[in-house]
Amino acid sequence: MSPLPLLRLPFLPLKNIIQNWNIYEICEFAKVSKRTKNLVKLAVKKTAYIILNNLENFQIETTISESGGMSLWDTWLFKMKDISERDNTESEDYNESNRTHTFTLFSENPLLLFLETLKLLFEVFDCSIHSVYWNNWNSEDMRPVIDWMNGCDKLTTIRNVRFMLNVNNQMTLALFLETFQKKLGRQYHWYYGGVDIQRVDGKIGTVMWTHYVGSNEHEKIPKTLLKNSRKRNKNGLGMIVTWFSRREETRFKSQTRRK
Amino acid sequence: MSCEEPTTSPTPENNITVVSSDGKEFLLDLKLTEQSETLARLISNFEYDRTDVKKDPVPLGNITSAQMQKIIEWLQHHRYYPKWEQNDIHYSTSFTFETWVEEYLNIPNNEMFELLNAANYLNIPRLFSTICRIMASRITGKSAEQIRTVLNIKTDVKNDVYTGIPIQEDSSSSEDGMSEISLSPSPPPI
């Protein structure tokens, strides 16, 4: 088969061809050369919402939108795995139920691959990071990612950042608070009610229940929600909250508290 | 999709003559030219759809007789198809075509490249879009390195950060210069 003279085409057909590809194919084409990267930048004018995660492996979840919304679109999930896992992993998968296309990429340095893929996405698409789940990150891996975030001009705000703290990763929150220099978005959670919890060693903390997410910061909490919450609290929740993990079986007595 | 194709022979009243770059004349039914926005606009501008207007041959300087023959074959096949409407082609994961189209476009890459340029020039959206999708399908599922092979890109610039494989500057023979055919098709000179 003779070579495909794609790059000799005028821009219009080339743009049409590029727009036929999915995000993974667009990224691979952009990686071919500087010229293909520039072509992709010109041809693809789309917004990409990104969620960063680390569930067993580094993950970039990307949702592309032309209209500004992101709910009805397919999700493209990049998973970065160590090259040693190549033999027992499918590199491409599509889950119809949640419309997620998964691309598993392999490298001797998955973190570097994660960062380079992130950089490429930001170069090619109009990207914004919607959420970062730092739950399973360690400080060593977080630092280069936060450094990249701080240095990325296109990244101004991360709307949602989550930590799940346990005895092993308390340093990650400290690291994030110390080093992250960009803005954090507001989710407009309404907190109305909570429980005081007491650890077996006597320490007391308050767990706030998030019952509702408002659409903007000025929206008032509906009275019915407040009423229902108070009714529940009156009934007495004498509950036991499991702190950390079930495995630790560290239990806390709790008592309801009206806020 | 299949459409009935009654045989009609062009008559001087319902056809125009187009001349390819190598001087060969083709008699084109006006019905067929409706699929080409370039020709349709030209016919409308010069009122060639009127029987009392003298129709001069239309030179198509960018299209060879072989390409014109191929295009007429396409126009004939789609003669009774409904007007083309661009669907949302973005991020489609499957590239399936009817058997006739598969056979019609079972041609070498360089011929398909020329045909795409011709479809772009004549502004035949169904053919243009179909060839674009066929060409796109030849890249799908390929890694950057495999794409370099398909595109025949040779010159190294730097190493790929992921694989250590050289990233190559696109300076191969297959990329020398852009096509001379203009981006925005305009009616050919009379």
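The values are calculated or read from the model by the stated rules, or taken from the named source; none is laboratory data. This is a predicted model, so every value here is computed, not measured. Neighbour counts run over all protein chains shown; Cβ positions are idealised from the backbone, glycine included. All accessible areas refer to the heavy atoms of the entire protein, side chains included, with ligands and DNA or RNA removed. Shrake-Rupley method; radii C 1.70, N 1.55, O 1.52, S 1.80 Å.
Observations, loosely collected:
- Qualifying residue in the stretch A:67-82 (condition: within 11 Å of another protein chain (Cβ to nearest Cβ) and either in a helix (DSSP H, G or I) or in contact with a Leu (Cβ under 9 Å, 6 or more places away or on another chain) (or both)): yes
- Members of the stretch A:117-131 found to be more than 10 Å from chain B (Cβ to nearest Cβ) and assigned to a helix (DSSP H, G or I), listed by number: A:118, A:121, A:122, A:123, A:124
- Note on the stretch B:105-120: residues that are of a type outside the set (A, V, I, L, M, F, W, C) and under 12 Å from the mean Cα position of the chain (by Cα) amount to 4.
- Counted residues, the stretch B:99-149 - those being facing chain A (nearest Cβ under 9 Å), of a type in the set (S, T, N, Q) and part of a loop (DSSP other than H, G, I, E, B): 2
- So residue B:96, is it within 14 Å of chain A (Cβ to nearest Cβ) and over 23 Å from residue A:10 (Cβ atoms): yes
- Screening residue A:135 against (1) within 14 Å of chain B (Cβ to nearest Cβ); (2) not in a strand (DSSP E or B) leaves a single unmet condition, (1).
- Of the residues contained in the stretch A:109-116, none is found to be in contact with a Cys (Cβ under 6 Å, 6 or more places away or on another chain), buried (at least 19 other Cβ atoms within 10 Å of the Cβ) and not in a loop (DSSP other than H, G, I, E, B).
- For the stretch B:41-56, a tally of residues being open to solvent by 40 Å² or more (accessible area, probe 1.4 Å) and free of Cβ contacts under 8 Å to residues at least 12 places away in the same chain returns 5.
- All positions within the stretch A:95-114 that are more than 23 Å from residue A:132 (Cα to Cα) and modelled with pLDDT under 90: A:96, A:97
- Test: residue in the stretch A:22-35 that is more than 9 Å from chain B (Cβ to nearest Cβ) and touching a Lys or Arg at 6+ places or on another chain (Cβ under 7 Å): no
- Identity of the residue in the stretch B:19-40, among the hydrophobic types (A, V, I, L, M, F, W, C) and in a strand (DSSP E or B), that ends up surrounded by the fewest Cβ atoms within 10 Å (Cβ to Cβ): B:27
- Subset of the stretch A:1-17 [within 7 Å of chain B (Cβ to nearest Cβ) and either open to solvent by 10 Å² or more (accessible area, probe 1.4 Å) or assigned to a loop (DSSP other than H, G, I, E, B) (or both)]: A:1, A:2, A:3, A:4, A:5, A:8, A:9, A:10, A:11, A:12, A:16
- Long-range neighbours under 6 Å by Cβ, at least six apart or interchain, first residue over 19 Å from residue A:27 (Cα atoms) within the stretch B:125-143, second open to solvent by 30 Å² or more (accessible area, probe 1.4 Å): B:125/B:84; B:126/B:84
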